[in-house]
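Here's the structure we're looking at; comments come further down.
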Number of protein chains: 2
Amino acid sequence: MFTRCVRNILSRSAFTVTLKRHSWRRCSTSQTETVDQVTTLLQLCVDRFFVSPGHANVELFQRGLCCSYGPLGMELRRNLLDQWWHSVTRSGAQVFGINTLSSSREAPTGGQGQLRIVECEQLKQRLGQKQLSKGRLAEEVHMLLQRSPSMRTNLLQGALEQFVPSLELVNRKLPFGLAETGLCFQPAEGSAEVTQTSLVWFCSPRTSSQWLDHWTRQRLKWWRKFALSPSDFSSNEVQQEELEQAASRGVRIIYNFPWGQEVLETLWSRGDAELLHIHKGDRSKLQHQDGRRSIPHVVSVTANMDRGAMAFLSNSLQQLKREESKKKLHQRKVLKLHPVLVPIKVALNIGRGATVELRQICEGLLQEFLEAKISVWPGYLETLPTSMEQLNAKYDEMGVLFTIIIGENTLESGLLQVRSRDTTIKETMHISEIKNFLFRYISAADNI
Amino acid sequence: MFTRCVRNILSRSAFTVTLKRHSWRRCSTSQTETVDQVTTLLQLCVDRFFVSPGHANVELFQRGLCCSYGPLGMELRRNLLDQWWHSVTRSGAQVFGINTLSSSREAPTGGQGQLRIVECEQLKQRLGQKQLSKGRLAEEVHMLLQRSPSMRTNLLQGALEQFVPSLELVNRKLPFGLAETGLCFQPAEGSAEVTQTSLVWFCSPRTSSQWLDHWTRQRLKWWRKFALSPSDFSSNEVQQEELEQAASRGVRIIYNFPWGQEVLETLWSRGDAELLHIHKGDRSKLQHQDGRRSIPHVVSVTANMDRGAMAFLSNSLQQLKREESKKKLHQRKVLKLHPVLVPIKVALNIGRGATVELRQICEGLLQEFLEAKISVWPGYLETLPTSMEQLNAKYDEMGVLFTIIIGENTLESGLLQVRSRDTTIKETMHISEIKNFLFRYISAADNI
């Protein structure tokens with residue numbers, strides 16, 4: 001898909017091929033290579049600043065939990081969250097963003113209330129009281145715990161609470177949705193953090209099953225849009241016996257990791273029980289403008305975007321090998337992240353020539369790219385000598401879409417060299433064309 | 001500033017004035033009116049979906065803490081965080097984004113470690129153990145507390161921890177910065193949440209004071225860029241006796257709220273003590289590529305963006321009065337938020353005419369705006385009858401930049417009516433021009 005898109009744009013540009021294209025072959029993977037594959041992916045993520053180093057941190061990442069991200073991982077997740085946001089709020093459906101608190105002093109419902117934020121000093125003070133009996137001490141600690149705010153485990157409760165004020169916003173008309181992204185805390189995982197996206201959709205009871213299907217199609221399409229091999233993303237209906245209480249149907253969106261399947265997103269048709277419970281059964285507050293006295297049904301769409309980032313990294317890593325001669329076997333690792341997701345769109349480097357002048361050109365281009373919101377890697381600031389081959393290998397592992405080389409030629413004629421990550425073709429282009437070329441390339445990939 | 005900008009663009013457009021402009025006067029405020037002013041602001045924020053209703057929630061908001069935001073407040077804070085992000089990462093300085101965890105199992109330093117996430121079940125289990133003596137019980141609870149993750153109170157510690165892997169990223173060259181936005185938890189406020197922005201800047205010891213001045217200028221300029229009355233934002237040097245330990249200098253950026261001054265942002269020149277402490281005094285890991293064996297100094301730039309959102313709301317609310325006759329006194333409230341910050345740029349409404357056709361035109365325009373990332377309010381979906389005057393009053397309070405009316409005229413000639421929030425002028429424009437007009441208007445305001 002991307003290759004076709006590159007070709008379309010290339011054919012419209014004033015490009016000339018300056019270097020022959022090598023022929024790379026994609027590696028085949030057997031079951032025994034899986035462990036290697038995972039190790040390679042995780043090592044690459046650390047080496048190329050997606051994930052901060054440290055065994056415990058990398059483990060969090062692999063388990064699909066929030067971890068300490070490096071600059072590239074941070075930007076990837078940011079792009080992912082932005083794309084999710086635009087897809088739900090620009091879908092044509094009435095969706096409003098909200099922001100609720102991650103801790104709450106309200107009486108918790110459902111799975112909430114397992115994790116509490118306790119002020120150490122207060123608890124220690126209780127424990128230090130000499131005159132208290134053991135029973136009284138236990139009671140005091142208990143009370144302190146009950147009064148402490150509980151951490152949210154999902155974004156559903158906040159959205160259900162915001163249903164009533166939001167109903168005013170839409171003149172009591174259904175359907176509409178409330179969207180939120182934010183950190184949630186999982187007690188089962190030793191209080192691990194997860195970056196969730198949540199769309200809570202309110203609709204009439206008779207349409208809830210259709211809406212579940214609608215959002216499943218939308219969401220699966222969204223995941224596949226950014227994938228290199230879309231078939232690794234799939235959906236399946238939750239079996240009757242696995243249904244959460246109150247839910248009448250459920251669908252899971254699954255990613256096929258090298259080590260097996262993991263759930264990226266879950267959609268539930270939840271009925272009206274939770275909405276009624278949170279609003280203490282006050283049916284009059286919950287009724288919409290529809291003549292009939294029905295309570296809206298809730299469809300929840302919840303994804304884990306930390307695991308989502310991991311899935312796209314895993315999906316986009318290609319290991320290619322090339323036989324240069326009988327003796328030499330080259331391995332090339334390329335992170336073929338989708339152009340809108342990839343953290344760095346272009347790297348700026350200098351070739352041979354008058355360093356001061358070349359750097360000035362780079363500075364100018366850098367500013368131009370930044371103003372056009374094209375993220376750029378200032379490779380020209382690096383002072384360690386590296387061969388072109390090493391540089392390309394590094395940028396391929398970072399997923400950098402294009403590498404620009406500013407050289408003597410640029411000073412003389414304004415021509416620079418552009419190498420594409422996906423085709424490995426190096427072409428020359430005039431400096432005045434490069435920004436528009438990149439802009440068009442990324443937009444084209446976005447609109448496919 | 002904005003009015004000038006509007007005029008510049010208006011003069012370049014095919015505009016014709018169709019209605020006379022009313023003359024509004026800005027209300028003067030005396031000390032006794034301050035309470036009214038604050039009440040009006042808070043009420044407006046709730047009525048117009050910036051802040052979710054509820055006394056406790058509004059109080060959080062007024063205290064400059066994170067609260068439950070409605071769709072407009074959520075979008076305002078989102079725009080604010082985006083602008084902050086672009087201003088630090090596109091400043092030309094080497095700044096990298098990171099993402100660290102909001103809870104940590106590491107031994108806490110400084111003010112951290114006051115708030116712990118405790119698993120309720122585990123603690124209750126300890127308390128229920130009958131055979132334990134009181135002393136043993138207290139000890140067990142103590143141990144559980146020590147092993148529980150602590151919530152972060154700021155983003156500084158995370159950035160200091162990421163210094164070593166980031167040093168690789170820049171080939172051990174100074175200066176560079178690490179940027180992060182996220183929730184922090186304040187023990188002093190009863191475990192309240194705050195949305196912080198943090199730039200941690202690493203530089204050579206001899207330049208740290210200059211960098212503090214540099215970032216103070218940059219940040220103050222940033223706050224004032226979006227202000228209606230920039231003089232309400234100011235900076236002052238922290239007095240010697242108020243300096244935090246380890247800091248050699250500090251600067252605060254202050255906003256002048258109706259009830260007094262509050263701190264929006266704090267900049268500290270912190271020396272190298274904390275960096276050394278976190279990396280256990282391992283000087284060799286911390287040294288940069290500079291010949292001399294010095295440890296970088298740290299300048300921290302930390303803002304509270306919940307209070308920032310509150311400051312811009314307060315700053316942009318204008319109360320204007322107009323005497324229509326001796327008897328009638330009209331009050332008009334306008335939220336003159338900066339075009340790039342304002343949550344909704346344009347509202348789409350229908351006037352008299354064939355409803356089905358007019359709605360179709362609105363749907364088309366809505367999609368066009370959404371694709372151009374111009375946030376739009378689908379007023380045409382509202383079915384309650386409202387007068388034009390009521391509608392304009394509502395949109396002014398929401399801060400909506402432009403209101404578009406699609407009417408019979410649009411069906412016949414493609415002309416629509418556009419009303420400006422800031423000038424209250426209504427003009428006619430061709431439907432094919434409107435998207436570009438809005439796009440240019442917002443870009444112009446961004447680039448001033």
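See the values below:
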{"item": "Flag for residue B:96 being at pLDDT 90 or above, over 30 Å from residue B:171 (Cα atoms) and within 10 Å of chain A (Cβ to nearest Cβ)", "result": "no"}
{"item": "Single match in B:209, B:235, B:198, B:229 (criterion: hydroxyl-bearing (Ser, Thr, Tyr), within 24 Å of residue B:448 (Cα to Cα) and in contact with a Ser or Thr (Cβ under 7 Å, 6 or more places away or on another chain))", "result": "B:235"}
{"item": "Enumeration of residues in region A:152-162 that are in contact with a strand residue (DSSP E or B) (Cβ under 8 Å, 6 or more places away or on another chain) and facing chain B (nearest Cβ under 9 Å)", "result": "A:158, A:162"}
{"item": "Qualifying residue in region A:98-107 (condition: β-branched (Val, Ile, Thr) and under 30 Å from residue A:447 (Cα atoms))", "result": "yes"}
{"item": "Condition met for residue A:212 (over 16 Å from the mean Cα position of the chain (by Cα), touching a residue at least 40 places away in the same chain (Cβ under 8 Å) and not in a strand (DSSP E or B))", "result": "yes"}
{"item": "Matching residues in region A:239-289 - criterion: being loosely packed, with under 15 Cβ neighbours inside 10 Å, modelled with pLDDT of 90 or more and under 20 Å from residue A:178 (Cα atoms)", "result": "A:273, A:277"}
{"item": "Residue count for region B:44-85, restricted to those that are within 13 Å of the chain's Cα centre (by Cα), assigned to a helix (DSSP H, G or I), at the interface with chain A (Cβ under 9 Å from one of its Cβ atoms) and not aliphatic (A, V, I, L, M)", "result": "5"}
{"item": "Extreme residue, modelled with the lowest pLDDT, among residues of region B:117-161 that are in a helix (DSSP H, G or I) and closer than 17 Å to residue B:101 by Cα", "result": "B:147"}
{"item": "Those residues of region A:376-419 which are of a type in the set (Ser, Thr, Tyr), touching a strand residue (DSSP E or B) at 6+ places or on another chain (Cβ under 6 Å) and farther than 21 Å from residue A:44 by Cβ, in sequence order", "result": "A:380, A:410"}
{"item": "Residue in region A:317-334 that is buried (at least 19 other Cβ atoms within 10 Å of the Cβ), over 21 Å from residue A:47 (Cβ atoms) and among the polar types (S, T, N, Q) present", "result": "no"}
{"item": "Selected residue [within 12 Å of chain A (Cβ to nearest Cβ) and either in a helix (DSSP H, G or I) or in contact (Cβ under 8 Å) with a residue 60 or more places away in the chain (or both)] from B:185, B:202", "result": "B:185"}
{"item": "All helices (runs of 4 or more DSSP H) inside region A:364-448 with 2 or more residues being surrounded by 18 or more Cβ atoms within 10 Å (Cβ to Cβ)", "result": "A:388-398, A:434-446"}
{"item": "Of all residues in region B:335-363 being part of a strand (DSSP E or B) and either away from chain A (no Cβ under 14 Å) or modelled with pLDDT under 90 (or both), the one that is surrounded by the fewest Cβ atoms within 10 Å (Cβ to Cβ)", "result": "B:350"}
{"item": "Some residue of region A:188-206 being surrounded by fewer than 18 Cβ atoms within 10 Å (Cβ to Cβ), modelled with pLDDT under 90 and touching a strand residue (DSSP E or B) at 6+ places or on another chain (Cβ under 9 Å)", "result": "yes"}
{"item": "Verdict on residue B:370 being closer than 23 Å to residue B:70 by Cβ and within 27 Å of the chain's Cα centre (by Cα)", "result": "yes"}
{"item": "Residue among A:272, A:232 that is closer than 21 Å to residue A:172 by Cβ, among the acidic types (Asp, Glu) and touching a residue at least 24 places away in the same chain (Cβ under 8 Å)", "result": "A:272"}
{"item": "Failed condition for residue B:312, given (1) within 14 Å of another protein chain (Cβ to nearest Cβ); (2) closer than 30 Å to residue B:159 by Cβ; (3) not basic (Lys, Arg)", "result": "(1)"}
{"item": "Residue in region A:240-254 that is among the β-branched types (Val, Ile, Thr) and not in a strand (DSSP E or B) present", "result": "no"}
{"item": "Out of A:284, A:231, A:235, sole residue that is of a type in the set (S, T, N, Q), under 30 Å from residue A:41 (Cα atoms) and not in a strand (DSSP E or B)", "result": "A:231"}
{"item": "Count of region B:163-182 residues which are away from chain A (no Cβ under 11 Å) and part of a loop (DSSP other than H, G, I, E, B)", "result": "2"}
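The values are calculated or read from the model by the stated rules, or taken from the named source; none is laboratory data. Predicted, not measured: the structure shown is a model, and the values here were computed from it. Because the Cβ atoms are built from the backbone with ideal geometry, glycine has one as well, and the counts that use them run over all protein chains shown.
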